[in-house]
Amino acid sequence: MRAVIFDAPFSIRMAEAPKPEPQAGEALVRVKAAGLCAGDLYIYTGKNPYVSYPRIGCHEISGVVEAYGPGASGPAIGTRVVVDPFIGCGYCYPCRVGKRNCCANLAIVGVHREGGFADFVTAPGGNLNVVPDGLTDFEAAFAEPVAIGVQGCRRGMVSAQDMILVLGAGPIGLAIVEVARAHGAKVYATDLSAERLSTAADLGAIPIAGGAGLLERVLELTNGEGMPVVMEATGAAPAMEQTIDLVAAGGRIVILGLVKKGQGITFPGLDFTRKEVTILGSRASVDCFPEALDLLASGKIHYPRIASSFALGEAAGVFRKLADNPMALHKAVFLSED
Ligand SMILES: [Zn+2]
Ligand SMILES: [Zn+2]
């Protein structure tokens, strides 16, 4: 089969690779559409600490069930599916309490094992989610990033009564904007990039210019109260530290952004109790694919419209282009040519 292989940082090639054999409990999926995520770009640039080379990347996969390995079960062969890439061990504490996204022995498709930039990929049968009729393979490939927005909104208990502020209008911030909007919340977004911010506005957020003066603008908009829900999706330590000032007393902070390993962030301790604030982490997603697919099928998620599609054979060139300028594209999805 064809596969796009990361051999080492800044080394990527399209090559023939052996078609994978589904192991016990696993499905073989014929890949139809494979989304390029910042995580893949980090594999290309050598900044993903969890990956070993050579590796076939991609964890945003839609395709068709081709076969099952011994003892495996899942949707019928020929069914259109998306792959939930987070594989938990099932035995550790987070797995036992239903948080396999935080598994102590986590394996992610496209990071710890071969991913979807190829004609075929394998994954446990239980990680397949059926694609609703009416969604294209291309659109279905967005289930994974949308699921991250679903998880963030679940963690923040975002409802139609809420007013939320999303810090960062990159792909994750935009996923939160759209899911929160779909839930009926009033959504503000901020970003240092005017271009990203205007994309957030196109997707239904009320834009607030980032940078100096953000806190004053937020207090002005909220009669001095602060935002009931603040969702952090920049991964920048100063933005994370500012969430405690931006949030209203009694409100919730959800941190989705990732800082570098070892990087600390500090809050004024008194504000924890004074504001009785709830601070929540949110990592990838768990059991959010069905809702993500329903939202995509409902037409409430517009993000696929601003993404670009390419043939799988163009992948190496697209990675080189994005490594030079990560803002060159909102999102790339590679389609199998047949
Ligand atoms: Zn992703
Ligand atoms: Zn586990």
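Defining a contact as two alpha carbons under 8 Å apart and six or more residues distant in sequence, what relative contact order in percent does the chain show?
18 percent.
Using only Cα atoms, locate the centre of the stretch 251-330 and the centre of the stretch 167-182, then give the distance between them in Å, rounded to an integer.
After rounding, the separation between the Cα centres reads 8 Å.
Roughly what percent of Cα-Cα pairs across the stretch 264-317 reach past 15 Å?
74
Note the full-extension length gain between Thr136 and Thr45 as 0.36 nm times their separation in residues minus their Cα-Cα distance, in nm to one decimal.
29.7 nm
Can you sort Glu337, Glu178, Glu291 from fewest to most other Cβ atoms within 10 Å of each residue's own Cβ?
Sorted ascending by nearby Cβ count, the order is Glu337, Glu291, Glu178.
When the label point is put 7 Å from the Cα of Arg320 along its Cα-to-beta-carbon vector, which residues of the stretch 46-84 have a backbone N closer than 18 Å?
Backbone N within reach: 46.
Be a star and scan the stretch 231-259 for residues whose amide nitrogen sits under 16 Å from the point 7 Å along the Cα-to-Cβ vector of Thr273.
250
Would you pull out the residues with amide H under 5 Å of Ala189's amide H, same chain only if 5 or more places away, H placed 1.01 Å from N?
Under 5 Å from the amide H of Ala189 lie the amide H atoms of Val166, Ile206, Ile208, each far enough along the sequence or on another chain.
Summing -39500 (n - 2.57) over the DSSP H runs of n ≥ 4 in the chain and dividing by its residue number, what mean residue ellipticity at 222 nm do you reach, to the nearest 500 deg cm²/dmol?
Result for the chain: -7500 deg cm²/dmol, rounded to the nearest 500.
If you average the alpha carbon positions of the stretch 183-210 and of the stretch 10-25, how far apart do those two centres end up, in angstrom?
So the separation of the two Cα centres works out to 39 Å.
Calculate the dipole size of the stretch 149-281 relative to its Cα centre from +1 charges on Lys and Arg beta carbons and -1 charges on Asp and Glu beta carbons; express the result in debye to the nearest 20.
Its charge dipole is roughly 380 debye.
Between Gln161 and Glu195, what is the label-to-label distance in nm when each label sits 7 Å out along the Cα-to-Cβ direction?
The answer from the label model is 4.1 nm.
Starting from 0.36 nm per residue, how many nanometres of slack lie between Tyr91 and Arg13 once their C-alpha separation is accounted for?
This chain segment gains 24.4 nm when fully extended.
Specify which residue in the list Thr266, Ile255, Asn129 is farthest towards the positive end of the charge dipole of the chain, using unit charges on the beta carbon of Lys, Arg (+1) and Asp, Glu (-1), about the Cα centre.
Thr266
Sort Arg113, Arg13 by Cβ crowding within 10 Å, fewest neighbours at the top.
Exposure proxy ranking, most exposed first: Arg13, Arg113.
What does the convex hull of the Cα atoms come to per residue for the stretch 149-281, in Å³?
It comes to 96 Å³ per residue, whole-number rounded.
Starting from one equal scatterer on each C-alpha and no solvent at all, send me the Debye-based log10 I(q)/I(0) for the stretch 199-250 at q = 0.22, 0.26 Å⁻¹, two decimals.
After summing over all Cα pairs, the log10 values are -0.91, -1.19.
What distance in nm separates the two pseudo spin-label positions at Arg113 and Gln23, each 7 Å out from Cα along the beta-carbon direction?
Simple spin-label model gives 0.6 nm for this pair.
Quick check: the distance between the Cα centres of the stretch 93-131 and the stretch 66-82, to the nearest angstrom?
When both Cα centres are located, 15 Å separates them.
Distance in nm between label sites at Ala236 and Leu329, each 7 Å beyond Cα in the beta-carbon direction?
2.5
Please arrange Lys261, Lys331 by counting, for each residue, the other beta carbons lying within 10 Å of its beta carbon, fewest first.
Lys261, Lys331
What percent do you get for the relative contact order of the stretch 149-268 when only Cα pairs under 8 Å and 6+ apart count?
Once normalised by length, the contact order is 25 percent.
With a sphere of radius 13 Å drawn around the Cβ of Ile12, what net charge do the other residues whose Cβ falls strictly inside it have (Lys, Arg +1; Asp, Glu -1)?
+1
Skipping prolines and chain starts, which residues have an amide H placed within reach, meaning under 5 Å, of the one on Lys331, given they are 5 or more residues away or on another chain?
HN-HN under 5 Å from Lys331: Ser308.
Computed from the coordinates by the stated procedures, all read-outs in this text should not be read as laboratory data. Model, not experiment: these values are computed from the prediction. Backbone-built Cβ (ideal geometry, glycine too); neighbour counts: all protein chains shown.
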